[in-house]
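Chemist: Structure provided below as C-alpha cells; questions to follow.
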Amino acid sequence: MPLLTYNAITIDVEDWYHVCGSGRVIPVPPREAWRVRSNLKRILVLLDEHGQKGTFFILGSVAENDPDLATMICSAGHEIASHGYSHSLVPDLTPQQFSDELQLTERILMEQTGQRPVGYRAPQWSLSEQTGWPFAILRERGYLYDSSLNPLPFIGDSNGSRVPYRLEGEGTGLWEIPPMVTKSLTGNLPTGGGWGFRLFPFRTILATIESLNRKHHPAVLYLHPREVDPEGPRLDLPLLKRFVSYGTRMDATPRLNELCRRYRFKTLKELVYEWQPVS
C-alpha cells in the first residue's frame, strides 16, 4: 500500500426511522416527516465549503423514494456506493435476497446517476468474515471494496483489523475498509462515527487520526444524516437500543467542520484505485 496522507468521510444515506434489529416492523412515515433530504443538504454544503469529497452509501429504498438525492450527491462530485435496499440485517436475508437487493439498488442508482456502485456497506455492520457468502456475491457483482467489518465488541470482531486489507489472496479479494476505532485498555472505542464520534473527547479523535496517518493509513469516518439534526424525531425504542441508534442529541456538524479544516479527504473508490490500480 503506498504512502497515504488522505482520510475518508463516509455517509450512510438513510433517514431517522431506519433502525434495524429492533424486533418489530417499522412503517415508513408520511413524506412530510422525512428529513434525509434537508440533512443531506447540510452535509453537502459543509463538504463543498472545504472542497472535500466523500463516499455516500445510499439505501436503495431511499433513493427510489426521492430520486433527486443520488443525483444531488453525484453532481457535487462525491462517490455513490450501496447500502443495500431494505436496511435489513444481512443475516436475516437469504443469499438470493441479498443478491436481489444489491441488483435492485444498482439499477436504481444507475438509472438516476449513470454510475454503478463499486463499494458496499451492510446495515448495522451486519457482516462477518466468518460468513463468506456475502463477500462472494459482492465479488461476483463486481464490487471493489466492502466497508462493513467494524472492529468493535458486540457488533463486530474486536480483534479484527483496524486498517484496510484484502479479504482474500493478493489481487483476488475485495478490499475491506473498516471504520476508525480507538484502541484502549477496555477495548476498541467507536470514535469514528455514530454516537461515539459525538460523545468521546475530540482530542481522542484527533489523536487516533494522527496515529493512523503516521503509519500511512487512512482514518475512515462515518456519519448518518440524522446526526446533523439533533432536534429531529426519534423512534420509541428501548433505552439501550435508542442510545446505540441515536446517541445523545449533539450535532456532529462542528466536529465534522473542524476535521474538514484540518485534514484532506478522498472517496473510498479513489483510495482503492491508489492501492490497487484497476484497468
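The values are calculated or read from the model by the stated rules, or taken from the named source; none is laboratory data. Just so it is clear, the model here is predicted, and its values are computed rather than measured. Using ideal geometry, Cβ is built from the backbone for each residue, glycine included, and neighbour counts are taken over all protein chains shown.
Chemist: Just one of the numbered conditions (1) under 17 Å from GLU14 (Cβ atoms); (2) crowded, with 17+ Cβ neighbours inside 10 Å is not true of ASP92; which one?
Modeler: (2)
Chemist: Right, here's the next one. Anything in segment 254-274 that is surrounded by fewer than 18 Cβ atoms within 10 Å (Cβ to Cβ) and not charged (D, E, K, R)? List them, or say none.
Modeler: Of everything in segment 254-274, those that are surrounded by fewer than 18 Cβ atoms within 10 Å (Cβ to Cβ) and not charged (D, E, K, R) turn out to be PRO254, ASN257, TYR273.
Chemist: Moving to a separate point now. Going by what's in this entry, would LEU109 be described as surrounded by 19 or more Cβ atoms within 10 Å (Cβ to Cβ), of a type in the set (A, V, I, L, M), without any contact (Cβ under 8 Å) to a residue 60 or more places away in the chain and farther than 19 Å from GLU14 by Cβ?
Modeler: No: the conditions fail for LEU109.
Chemist: Then there is this: LEU212 - would you say it is among the aliphatic types (A, V, I, L, M) and touching a residue at least 24 places away in the same chain (Cβ under 8 Å)?
Modeler: Values: among the aliphatic types (A, V, I, L, M): yes; touching a residue at least 24 places away in the same chain (Cβ under 8 Å): yes.
It is true that LEU212 is among the aliphatic types (A, V, I, L, M) and touching a residue at least 24 places away in the same chain (Cβ under 8 Å).
Chemist: Only residues that are in a helix (DSSP H, G or I), in contact with a Ser or Thr (Cβ under 8 Å, 6 or more places away or on another chain), free of Cβ contacts under 8 Å to residues at least 40 places away in the same chain and among the aliphatic types (A, V, I, L, M): list them for segment 40-93, please.
Modeler: If the condition is that a residue be in a helix (DSSP H, G or I), in contact with a Ser or Thr (Cβ under 8 Å, 6 or more places away or on another chain), free of Cβ contacts under 8 Å to residues at least 40 places away in the same chain and among the aliphatic types (A, V, I, L, M), then no residue fits.
Chemist: Next question, about the same structure. Looking at the structure I just gave you, is SER128 within 27 Å of TYR17 (Cβ to Cβ), part of a loop (DSSP other than H, G, I, E, B), in contact with an Asp or Glu (Cβ under 8 Å, 6 or more places away or on another chain) and modelled with pLDDT under 95?
Modeler: Working: within 27 Å of TYR17 (Cβ to Cβ): yes; part of a loop (DSSP other than H, G, I, E, B): yes; in contact with an Asp or Glu (Cβ under 8 Å, 6 or more places away or on another chain): yes; modelled with pLDDT under 95: yes.
Spelling it out, SER128 is indeed within 27 Å of TYR17 (Cβ to Cβ), part of a loop (DSSP other than H, G, I, E, B), in contact with an Asp or Glu (Cβ under 8 Å, 6 or more places away or on another chain) and modelled with pLDDT under 95.
Chemist: Related question: Tell me which residues, restricted to segment 170-182, are part of a loop (DSSP other than H, G, I, E, B) and among the charged types (D, E, K, R). If you could, list the steps in order and put the result at the bottom.
Modeler: So in segment 170-182, the residues part of a loop (DSSP other than H, G, I, E, B) come out as 170-174, 177-181.
If the condition is that a residue be part of a loop (DSSP other than H, G, I, E, B) and among the charged types (D, E, K, R), then GLU170 is the only one that fits.
Chemist: Give the residues of segment 213-239 that are among the aliphatic types (A, V, I, L, M) and surrounded by 18 or more Cβ atoms within 10 Å (Cβ to Cβ), sorted by residue number. Reasoning before the result, please.
Modeler: At the first step, the residues of segment 213-239 found to be among the aliphatic types (A, V, I, L, M) are 219-221, 223, 228, 235, 237, 239.
Within segment 213-239, ALA219, VAL220, LEU221, LEU223, VAL228 qualify.
Chemist: Residue pairs, Cβ under 9 Å, 6 or more apart or interchain, first in segment 129-157 and under 21 Å from LEU268 (Cα atoms), second acidic (Asp, Glu) and part of a loop (DSSP other than H, G, I, E, B). List them.
Modeler: Between residues of segment 129-157 that are under 21 Å from LEU268 (Cα atoms) and residues that are acidic (Asp, Glu) and part of a loop (DSSP other than H, G, I, E, B), the close pairs are GLU129/ASP157; PHE135/GLU129; PHE135/GLU168; ARG139/GLU168; LEU149/GLU129; LEU149/ASP157; ASN150/ASP157; PRO151/ASP157.
Chemist: Yes or no: segment 167-179 includes at least one residue that is surrounded by fewer than 16 Cβ atoms within 10 Å (Cβ to Cβ), under 26 Å from ALA81 (Cβ atoms), among the acidic types (Asp, Glu) and out of contact with any helix residue (DSSP H, G or I) (no Cβ under 6 Å at 6 or more places or on another chain).
Modeler: Within segment 167-179 (the criterion being surrounded by fewer than 16 Cβ atoms within 10 Å (Cβ to Cβ), under 26 Å from ALA81 (Cβ atoms), among the acidic types (Asp, Glu) and out of contact with any helix residue (DSSP H, G or I) (no Cβ under 6 Å at 6 or more places or on another chain)), the answer is yes, since at least one residue qualifies.
Chemist: Among the numbered criteria (1) hydrophobic (A, V, I, L, M, F, W, C); (2) over 16 Å from ILE58 (Cα atoms); (3) assigned to a helix (DSSP H, G or I), which single criterion is violated by LEU104?
Modeler: Going through (1) hydrophobic (A, V, I, L, M, F, W, C); (2) over 16 Å from ILE58 (Cα atoms); (3) assigned to a helix (DSSP H, G or I) one by one, LEU104 breaks only (2).
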